[in-house]
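Shown next, in structure tokens, is the structure this report addresses.
Values in this text are rule-based calculations from the coordinates and carry no lab data. Just so you know, these numbers come straight off a predicted model, no measurement behind them. In this analysis, Cβ positions are derived from the backbone assuming ideal geometry, glycine residues included, and neighbour counts consider all displayed protein chains.
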Amino acid sequence: MLLRNISELTSSQVLGGIANTLGSLPSFFSSRHIEEDPVTLTQWPSYPWPGNSENGSWLLSGLAQYPGGMKSAINAFWEPLDAPGRHCFTWLSDLRAAGGDQARQTARLLIASWVEKHSNKQAKPVWDINCVGKRLSSLILFYDFHGSSGTDSYQKIIGKLITTHAAYLNKNLVLARASRDTLEASCALILAALCIPGKDQWLSTGEDILIRNLKAQILPDGGHASRSPERLASVLRSMLDVRRMYKQTELTYPDYISDCIKRMGQALEFFRYTDKSLALFHSSQKGHDKVLDLIAHQAGASKTSLRTLSDMGFERLSQGRTVILFDTGQMPVWPHDTLSSAAPLAFEMAYGKERMIVNCGAHPLSPEWNVALRGTAAHSTVTLDRKNAAEIRDDGHLGRKPRQISSSRDEKKNSILVEASHNGYQTINGLTHKRRLYLAQRGQDLRGEDILSGESPPLEAIDYAVRFHLHPRVKVLLVRDETEALLTLPSGTGWRFQQEGGILSLEESIYLDEGYQPVKTSQIVISGKAKDENTVIKWALQREGV
């Protein structure tokens, strides 16, 4: 049924009608800065990154089984204008992974229907400069899948679409504010220039804007200005796509691109645990381990992880089979703060390939979920008076935030001590939070101190909660009259949690390291009241039977 509908809807008659519509579109496609003659790509890049075949199959099935039929399904697919993945054509990766002629024909149908429905509209977010850039990159990177074997009519549509998008970027990238994040858009313009002969102006504009973005976003240690591991991986992947296309065309590319790729590759490895996936800081999910392996290989990253990312602001404590990642850095500055969590001094812990202490993760689409998941309480750190340590404004940017965050590291042969502090709560209740993490005994003994201090005792006692979110596969049980907790990993390895200074309890939590559906889990909470100039909460997590 689906193949028959696709065959009908992508016939030469329908494609020809869309091509005629495309050639006579008002405003956007007929404006003077757009080339009138469509071109075909003389070459196109290979695409090494695996997509999600399950998502691709789900899309095929959903379109085929939509109650109103294929035409209604297509209209419903494009209806939400604020669904960036759809209008950026990122679903091409999943259809490609699903494979087969049915997936290819569906891709062509969806693209042609988008042209007919949206190509003459400039309303945001469909025509936001970053969405245009991502859509252009998708059209080019997946051209071998959807375009190279298409009919002449389809290839003309794609040629027109690519030149229109590239010309739009060539004009508007120059006009964009220097502070705006236009990295993906500049990469897309470079890809278009390398695929179509004679587009030297596109290439020049794209390179200038890309270098500007890299200098603003990529820190000396290779980290990203957003402090998000997932964002770092995304930017590095875009850079590798661009470099691969330069090499394919045998053109020289700026040395600064190579330098950034090398530094970023090493920084990304810093955030990978033994399970090869990413830590969950600052709106990150764990990513696809095979994709991350490919990124590391292409970037030439060393398998030896760095101990410190001093510019991005993270410490890595590694002893034996234990790895701890500790957020000790300054909060990101505008405009790179929309991914930032309000969770200074949060940490995660893994033992071997098993994650133990975690942060709650991120949602790839839902703003409502991400407001909660960016909050202090969604991280393994200290919350005071049930308030965030930094203000997350309605526009996603940070308002009030810590002005002073400092850290130090003392590493010996058999132990590591990292200390850090922040004053994010000082303007609210006068308190500063200091955290000390000490890892020893070949990674089988973690001890922590959380110190809440002020210049004088608070006028009223301040509620505190020290949270330790647990991975969903970790089993936890309170023992010894609920003064200690026993943690059991999937492998059967046991750990004992102890504390001094507060009341120990277990609470519900959620975990979202991949996909769209949060998973229920638990968290250990030490709660109490800060009454004095210095309140000290001591805790320890030690492996059983050692």
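Taking the Cα atoms of the stretch 407-546, report the difference between the largest and smallest coordinate on each principal axis, in whole Å and largest first.
47, 41, 37
Can you tell me how much longer the chain between Thr252 and Arg442 gets when fully stretched, taken as 0.36 nm per residue apart minus their C-alpha distance, in nm with one decimal? Can you show the working numbers first?
Working: separation 190, 0.36 × 190 = 68.40 nm, distance 4.77 nm.
Full extension of this stretch gives 63.6 nm more.
Work out from phi, with θ = phi - 60° and the Karplus expression 6.51 cos²θ - 1.76 cosθ + 1.60, the ³J(HN,Hα) of each residue of the stretch 462-476, listed in order in whole Hz, and give x for Gly and Pro.
Result, rounded to whole Hz: 10, 5, 10, 9, 9, 9, 10, 6, 9, 4, x, 8, 8, 8, 9.
Quick one: the Cα spread of the stretch 282-378 along its three principal axes, in angstroms, biggest first?
Dimensions of the stretch 282-378 along the principal axes of its Cα atoms: 36, 27, 27 Å.
Explain nothing, just the number: relative contact order of the chain, from Cα pairs under 8 Å at least 6 residues apart, as a whole percent. Before the final figure, lay out the partial values.
Working: 1113 pairs, mean separation 51.5, N = 546.
Result for the chain is 9 percent.
Taking the Cα-to-Cβ direction at Arg307 and at Leu417 and moving 7 Å from each Cα, how far apart do the two end points lie in nm?
1.5
So what's the gap between the Cα centers of the stretch 240-311 and the stretch 486-546, to the nearest angstrom?
32
Extension gain Arg386-Asp82, at 0.36 nm per residue separation less the Cα-Cα distance, in nm?
Values: separation 304, 0.36 × 304 = 109.44 nm, distance 3.17 nm.
The Arg386-Asp82 span can extend by a further 106.3 nm.
Which FRET efficiency value, to the nearest 0.05, is calculated for Ser456 and Asp152 with the Förster distance at 60 angstrom and r the Cβ-Cβ distance?
Numbers: r = 79 Å, r/R0 = 1.32.
So the FRET efficiency works out to roughly 0.15.
Only Cα pairs under 8 Å and at least 6 apart count here; give the relative contact order of the stretch 218-310 as a rounded whole percent.
Numbers: 116 pairs, mean separation 34.4, N = 93.
For the stretch 218-310, the relative contact order is 37 percent.
For the stretch 344-385, state which trypsin sites (Lys or Arg not before Pro) are in a DSSP loop and have at most 16 other beta carbons lying within 10 Å of their beta carbon. Display every interim value, and only then the final one.
Working: sites: Lys353, Arg355, Arg374; in loops: Lys353, Arg374.
Qualifying residues, ordered by number: Lys353.
With +1 assigned to the C-beta of every Lys and Arg and -1 to the C-beta of every Asp and Glu, and no other charges, what is the dipole magnitude of the chain about the Cα centre in debye, to the nearest 20?
On the way: 63 positive and 59 negative charges, 115 e Å.
My answer is approximately 560 debye.
So what's the Cα pair-distance distribution over the stretch 313-543, bin width 10 Å, in %?
8, 33, 38, 19, 2
May I have the pair-distance distribution P(r) for the stretch 218-310, computed from all Cα-Cα distances with 10 Å bins from 0 and rounded to whole percent?
Cα pair-distance distribution for the stretch 218-310, in percent: 17, 53, 25, 5.
Please state the charge dipole magnitude for the stretch 218-310, taken about the Cα centre, from unit charges on C-beta atoms (+1 on K and R, -1 on D and E), reported in debye and rounded to the nearest 20. Present the calculation step by step, with values, prior to reporting the outcome.
Details: 14 positive and 10 negative charges, 29 e Å.
Charge dipole of the stretch 218-310: 140 debye, to the nearest 20.
What does the charge count around Thr249 come to, taking other residues whose C-beta lies under 12 Å from its C-beta (Lys +1, Arg +1, Asp -1, Glu -1)?
Details: positive: Lys199, Arg243, Arg244, Lys247; negative: Glu250.
Computed value for this residue: +3.
Rg and Dmax of the chain, Cα atoms, in Å?
25.7, 80
Considering the stretch 64-141, what Rg and Dmax in Å follow from its alpha-carbon atoms?
Expressed in Å, the Cα Rg and Dmax of the stretch 64-141 come to 12.5, 34.
Which trypsin sites (Lys or Arg not before Pro) from the stretch 177-239 combine a DSSP loop assignment with at most 12 other Cβ atoms within 10 Å? Show your work: numbers first, answer last.
Numbers: sites: Arg177, Arg180, Lys199, Arg212, Lys215, Arg227, Arg231, Arg237; in loops: Arg177, Arg180, Lys199, Arg227.
Answer by residue number: Arg177.
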